[in-house]
Amino acid sequence: MFALNRLMLFLGVLPLLCSTSACTNLSGAAVKGVQAAFGAGQPNLQAAPLKPGYAYLEVHSPNAQALLPLIFEDKLPGQAPIDTWVSNDGQVLRTQAGFLASSSGLQNYWQNVHYQFNADGTPASVQFDLPSASLYGAKLNFVNLGPVTGTYTPLMQRAAKAPNIAFNVWQTQWANKPAHYNGPANLNKLQFIVGYNTSNYMPVYGLHCLQANYCVEYLLRTAAQNL
């Protein structure tokens, strides 16, 4: 069961890339999108000192990298809490049950995001707006594609060093595709991955493509587990 109420829940269920035959349940489009998104020349945050007792989110996007400490947890009645992560330059990410709930700094990001979860904490669906495509109240269901093996980016390779880690992938499909939709064609086939600790189901790693050519990657770090 995926935990929904842990303080340091990390951005989960995100799209996966695969460059080996071990990952046969992942699409070639996901591979190409992520390979295009992550290039050389980004700053190295791995050596950054971490303060004991704090949780940090190392976030990589195509045009930036940042290390965001967990600043605040907003507990909601009957729902998973919303965690707020803030960078030194004021960029804000908010997560709910390990899923990206809002962002002040990501391009192409969905707005007014609302997740629904199954009883075991796995994702059931997501509803959101995408104003750039004149899309409002769109809903995608999550289909569980099962476990994956291998590591496909430097950040994912670091995540694989965490104890008891396993990776799982989901794919989206339309729940209510608009009759006259002309936005990004891949929204109903986005693949999401989360790497989690099998002993406590704490999410550790995620990769999420908001569109085919714009992906965001994440790694949970602490002083005790400085991956």
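For this structure, a couple of remarks:
- Once the chain from Q173 to K161 is taken as fully extended at 0.36 nm per residue, the excess over their C-alpha distance is 1.1 nm.
- Between D120 and V92, the FRET efficiency estimated from the beta carbon spacing at R0 = 22 angstrom works out to 0.15.
- Cα-projected label distance for A133 with N200, points at 7 Å along beta-carbon direction, nm: 3.7 nm
- Packing-based ranking, highest mean first, of 96-104, 215-223, 56-64 given that Cβ atoms within 10 Å are counted: 215-223, 96-104, 56-64
- In sequence order, the range 62-79 has phi-based couplings of x, 10, 6, 9, 7, 10, 10, x, 6, 9, 8, 10, 9, 7, 10, x, x, 9 Hz under the Karplus curve 6.51 cos²θ - 1.76 cosθ + 1.60, θ = phi - 60°, and Gly or Pro positions carry x.
- The H on the amide N of A55, modeled in the peptide plane, is under 5 Å from the matching H of L70, each at least 5 residues off or on a different chain.
- Most to least packed among 128-136, 196-204 [average Cβ atoms within 10 Å]: 196-204, 128-136
- Amide N of the range 111-144 lying under 19 Å from the label point, which is placed 7 angstrom from the Cα of H180 along Cα→Cβ: 130-139
- Gain in span if fully extended, N188 to K51, counting 0.36 nm per residue against the direct Cα distance: 45.3 nm
Every number here is computed from the coordinates shown, using simple stated rules; none is lab data. Here the structure is a predicted model, which is why all the values come from computation and not from measurement. Cβ sites come from the backbone with ideal geometry, for glycine too, and all protein chains shown count toward neighbours.
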